[in-house]
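The values are calculated or read from the model by the stated rules, or taken from the named source; none is laboratory data. Computed from a predicted model, the values in this text were never measured in an experiment. Here Cβ is always computed from backbone atoms with ideal geometry, including for glycine, and neighbour counts include all displayed protein chains.
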Amino acid sequence: MNINFAFLRHGYGCHNAMSNLAKSGILEYEYARKFLGRNNQENSGNIIPLNDPVLTNIGVEASIYNGCIINKIFKSISDNEPAVMLDTFNVVGCSPLIRCMETSYYMTRKWKNPPNKIYVFPLLREIDESSVDKYSQQSKEIIRVTPSYSIKSINEQKEYLKSLGILESFDFSFVETFPIERIEPGDIKEFMHWFAKYFVKLLTKRNKNLNVFITTHAGVLRDFSNEGFYNNSGFVINTTLQNTGYKLNRYISLNKYIENYNFFKDYNNPKYNKTSYYCPSNRCGQLCNVASGVTSNDVQKIGLECNIHK
């Protein structure tokens, strides 16, 4: 069986926005530390840490747009590399952290055939990027207690997705069946072996080709590829699944492609680091009120438009 894996980084999250908001003077560094301070090391007072952070409004809009652009890039790869046909994705999945669930959902909204179900997969969680041993007890403790790494309970995650009206788009059965693997540091090689053992074998129909779209994290992607990626960018792996495991045929970084497209990655632009672009605070907890006291419901849009048919 020929399997193409597209692994992409999640979109711009509330935790990603912290440094930009602080640099722009919208958020004081003191508050940023409280929002992202480790649960057992810092007294946050009346600030609720951003555990398992979600996408910002900009992150949602950019993910929808970049998903359309990435779809065009997939078509370009298919045209130039016949062995890597990415015309249709049979499986769409994500890391067990909320920002990746949202990203998989929003990036596929403009696709010709958006997925009916998005699978929440184990072994794709963010890792402790500062560690040389992501499996050490110290590193595991860091991702457990640091808000930007931490993971909410499945019920909490479901309640959040339900509040957005998109819960029915997700399948949690695999992380419910593999609770230990759900909270383990992510590893793409381990995930691929798990996928072959537990997902592919469940398929009632074995297609000659299987295309898999996955959103995960910067640390997990870099751990495998040794290169960094923008929000919503990543790489494609063309493999052949054999009895003895995978044969890696081709690695294709999407970074070299996005330079030729109007792919959005301008998150550092000061114009996007204002209260009017991320308020109200329903996407980032108390962030909006703490940063500026703004309670307006008017959210400015980046104004990104992508026609998938052009």
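Tabulated results
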quantity	calculated
Single residue of the range 144-159 satisfying the filter (in a helix (DSSP H, G or I) and over 16 Å from the mean Cα position of the chain (by Cα)) that is farthest from GLU126 (Cα to Cα)	GLU159
The lone exception for SER76 - which of (1) of a type in the set (Gly, Ala, Ser); (2) at pLDDT 95 or above; (3) more than 28 Å from SER153 (Cβ to Cβ) it fails	(2)
Residue pairs meeting the criteria (Cβ under 6 Å; at least 6 apart or on separate chains; first more than 14 Å from LEU50 (Cα to Cα), in the range 141-160; second among the basic types (Lys, Arg) and assigned to a loop (DSSP other than H, G, I, E, B))	none
Single match in LYS256, LYS271, LYS265, LYS247 (criterion: over 17 Å from LEU124 (Cβ atoms), among the basic types (Lys, Arg) and under 16 Å from the mean Cα position of the chain (by Cα))	LYS265
Filter result (part of a strand (DSSP E or B), among the polar types (S, T, N, Q) and in contact (Cβ under 8 Å) with a residue 60 or more places away in the chain) within the range 219-278	ASN238, THR239, THR240, ASN249
Condition check for PHE213: farther than 24 Å from GLY285 by Cα, among the aromatic types (Phe, Trp, Tyr) and surrounded by 19 or more Cβ atoms within 10 Å (Cβ to Cβ)	yes
Yes/no for ASN90 being under 20 Å from HIS193 (Cα atoms) and over 16 Å from the mean Cα position of the chain (by Cα)	yes
Counted residues, the range 61-72 - those being among the β-branched types (Val, Ile, Thr) and either touching a Cys at 6+ places or on another chain (Cβ under 9 Å) or outside any helix (DSSP H, G or I) (or both)	2
Residue satisfying condition, being buried (at least 23 other Cβ atoms within 10 Å of the Cβ), out of contact with any Asp or Glu (no Cβ under 6 Å at 6 or more places or on another chain) and either in contact (Cβ under 8 Å) with a residue 60 or more places away in the chain or in a strand (DSSP E or B) (or both), within set ILE58, ILE48, ILE77	ILE58
Within the range 165-182, considering residues that are part of a helix (DSSP H, G or I) and either within 16 Å of the chain's Cα centre (by Cα) or in contact (Cβ under 8 Å) with a residue 60 or more places away in the chain (or both), the one surrounded by the fewest Cβ atoms within 10 Å (Cβ to Cβ)	SER169
Residue tally, condition within 21 Å of ILE151 (Cα to Cα), assigned to a loop (DSSP other than H, G, I, E, B) and touching a strand residue (DSSP E or B) at 6+ places or on another chain (Cβ under 6 Å), over the range 98-130	3
